[in-house]
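Quick notes on the structure that follows.
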Amino acid sequence: MNFNNILSKISESFKNTKGASVLGVDIGSSSIKIVQLQKKNGAAVLQTYGEIALGPYAGIEIGRSTKLDADKLAEALRDVLTESNVSTVDAAVTIPMSASMVSVFEMPDMNNKQLSQMIPIEARKYIPVPISEVALDWFVIPKAGGAKEDDRFESTSPSATSNTTASGAVSEKKQSENKTGNKIETMVVAIHNDTLNDYSNVVSKTGLKVSFFEIEMFATSRAVLDSDFTSPVMIMDIGANATKVYVTERGIVRNSHSIGRGSQDLTMNISRSFNIDVNYAEKMKRSFGKNDPEKDKQIAELVDNVFNPIFGNANTVMLNFQKKHNKNISKVILVGGGSLLSGITEKAQKYFAVQTEPGLPFDKIQTPAFLEPVLQKNGVMFAGAIGLALRKLQELE
């Protein structure tokens, strides 16, 4: 996606803004998305944004997922920073859910100092590698009604800096409100040190100053959840090679699951079915609903073949959560490039039988009026980058 035609207009719209700017960098399997924000009069203001496909850096087609080495990934990141006219080096970066371990378990009620000693011991039951090889983060989950909005969004941000991890993010006073009998729920996040080193190596080659790394699902949740929405919500992030599903309640991720299918599967199926190259298949996928009726009919069958299993797996996640917690999921929010497929929201709505809608992360920030149609359409792709930048702005307060 090329935003060069509008970047100069964005710069002109905000040429008189003052104050520090921050950058959210979401490194996905098929593209990098960036969003630069600035705080102005108490509001988050868009300065620039952009996306760059990673396929060409690996010698494959746009839209394909790939795994680049540090040099190639840094090259792609530098290119999108340049093309998007980014003017700050103060950044935060996502870590993919596949490179992390997130678990919720009960612990005896104890103070933070005791928890900080006991959680690494308990976490060994859930982490398949030695604790010394991971960066570990944790926090106490507030019980219903026990946390204000700011507490929730602080708590939903387990992260790791390039050097260390945060310790428990909830004070002992708040912790005393989280008792369930004599038990408390804790969320533990582990990221392998090699992963953090790899990402640190990439950003070091670009000149960015990264104060924290954050798992993508936490950043995405921050960008698309309403602060006053307390009922359980399921977020589906439809990427190129995988679909991530996570259930949130009161701003806290309670369950997460990865499905090994994504929008790339549809592109490859179109390529094989129509005997066309992958680039043209990607264009046909993006224009689905606007092709000739016969082609769209064939593509609709391929959509079912790819997305019915995805929605089936996601529905299982939903039902398991509802059964375990005796609570209904009230809404499904779609994000990621795959959710741009024509008719996919309506298809999901029928499948889940609950309110289903695309995420609108740009609604959280001020943007130029002339960009609203573009941002409404493509905003689902930038949820992770926006969520990072919003948290980064909080560091300035």
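Once region 292-329 is narrowed to residues that are of a type outside the set (A, V, I, L, M) and not in a helix (DSSP H, G or I), the residue that is farthest from ASP237 (Cα to Cα) is ASP292. Filtering region 287-308 to residues that are closer than 30 Å to THR248 by Cβ and loosely packed, with under 15 Cβ neighbours inside 10 Å leaves ASP304, ASN305, ASN308. Restricting attention to region 215-239, the residues that are surrounded by 24 or more Cβ atoms within 10 Å (Cβ to Cβ) and of a type in the set (Gly, Ala, Ser) add up to 4.
What tally of residues in region 99-109 results from selecting those that are surrounded by 17 or more Cβ atoms within 10 Å (Cβ to Cβ) and either without any contact (Cβ under 8 Å) to a residue 12 or more places away in the chain or of a type in the set (Asp, Glu) (or both)? Qualifying residue count, region 99-109: 1. Against the numbered list (1) among the acidic types (Asp, Glu); (2) in a helix (DSSP H, G or I); (3) more than 21 Å from the chain's Cα centre (by Cα), ASP363 comes up short only at (3). Would you confirm, using the coordinates I've provided, whether ALA348 is assigned to a helix (DSSP H, G or I), within 18 Å of VAL303 (Cα to Cα), out of contact with any Leu (no Cβ under 6 Å at 6 or more places or on another chain) and in contact (Cβ under 8 Å) with a residue 40 or more places away in the chain? Yes; evaluated as a whole, the condition is true for this residue.
Quick grid of which residues meet (1) within 18 Å of LEU388 (Cβ to Cβ); (2) part of a strand (DSSP E or B); (3) in the same structural domain as GLY239 (by TED's automatic domain parsing):
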position	(1), (2), (3)
VAL25	yes, yes, no
SER29	yes, no, no
LEU46	yes, yes, no
SER65	no, no, no
LEU68	no, no, no
LEU73	yes, no, no
ALA76	yes, no, no
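The sole residue among PRO96, PRO120, PRO130 that is modelled with pLDDT under 95, surrounded by 15 or more Cβ atoms within 10 Å (Cβ to Cβ) and under 23 Å from ASP198 (Cα atoms) is PRO96.
The values are calculated or read from the model by the stated rules, or taken from the named source; none is laboratory data. Owing to the predicted nature of the structure, the values given are computational and were not obtained by experimental measurement. When we count neighbours, we look across all protein chains shown, and the Cβ atoms used for this are built from the backbone with ideal geometry, even at glycine.
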